[in-house]
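K.L.:
Before we start, here is the structure in question, set down as structure tokens.
The values are calculated or read from the model by the stated rules, or taken from the named source; none is laboratory data. None of these values were measured; they are calculated from a predicted model. Cβ coordinates were reconstructed from backbone atoms using ideal geometry, including for glycine residues, and neighbour counts include every protein chain displayed.
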């Protein structure tokens, strides 16, 4: 099975165009005001119109209200919600139902995290996004210990947290995720830019990992 690729935190039209041309399956727009990559819905809607139908638009939210999520999803034309805060399973489900969209739940990984319990709690999630724990709700550029992920986890995994072209091949070989999610690993000169060469190397590394698995 091919590993899907999500590029997150894009804010510039040229970076979106590059990501599509290079082969990203999904583009993440951040609607968390404290993030250096945050977008307002109006700006994200302009970027979303640059995506072809075969590239998904993922909206990242952190403990946002039902009204804010539904309004943003409709205005931008999101395909998926990525819930990166402390949303409970009922809240997450209500957000997805209110928008009529699938949703992913981020799990901020620490040694004591019980992923089997999380997979059951958030059983309605389309995917679990496994990211390194940080006080700032993601985007730290740090990895976590992949051995914390139990074998046979009954959930689709989107692996995140400090991935780049140098680490993603090993990550795919060890974890075998459904998808990989990268932001800082393809960053340009500042958090609001992406580097085309780093994006190209990341995609090439994913393809190499998939070839090794086949």
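K.L.:
When you look at residue 153, is it surrounded by 15 or more Cβ atoms within 10 Å (Cβ to Cβ), under 28 Å from residue 122 (Cα atoms), under 18 Å from the mean Cα position of the chain (by Cα) and without any contact (Cβ under 8 Å) to a residue 40 or more places away in the chain, yes or no? Spell out the reasoning first.
P.N.:
Values: surrounded by 15 or more Cβ atoms within 10 Å (Cβ to Cβ): yes; under 28 Å from residue 122 (Cα atoms): yes; under 18 Å from the mean Cα position of the chain (by Cα): no; without any contact (Cβ under 8 Å) to a residue 40 or more places away in the chain: yes.
When the stated conditions are applied, residue 153 does not pass them.
Let's see how each residue does on (1) under 27 Å from residue 175 (Cβ atoms); (2) in contact (Cβ under 8 Å) with a residue 40 or more places away in the chain:
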residue	(1), (2)
19	yes, yes
25	yes, yes
37	yes, yes
42	no, no
45	no, no
81	yes, no
99	no, no
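K.L.:
Name, by its number, the condition in (1) at pLDDT 95 or above; (2) touching a helix residue (DSSP H, G or I) at 6+ places or on another chain (Cβ under 9 Å); (3) surrounded by fewer than 20 Cβ atoms within 10 Å (Cβ to Cβ) that does not hold for residue 125.
P.N.:
Of the numbered conditions (1) at pLDDT 95 or above; (2) touching a helix residue (DSSP H, G or I) at 6+ places or on another chain (Cβ under 9 Å); (3) surrounded by fewer than 20 Cβ atoms within 10 Å (Cβ to Cβ), the odd one out for residue 125 is (3).
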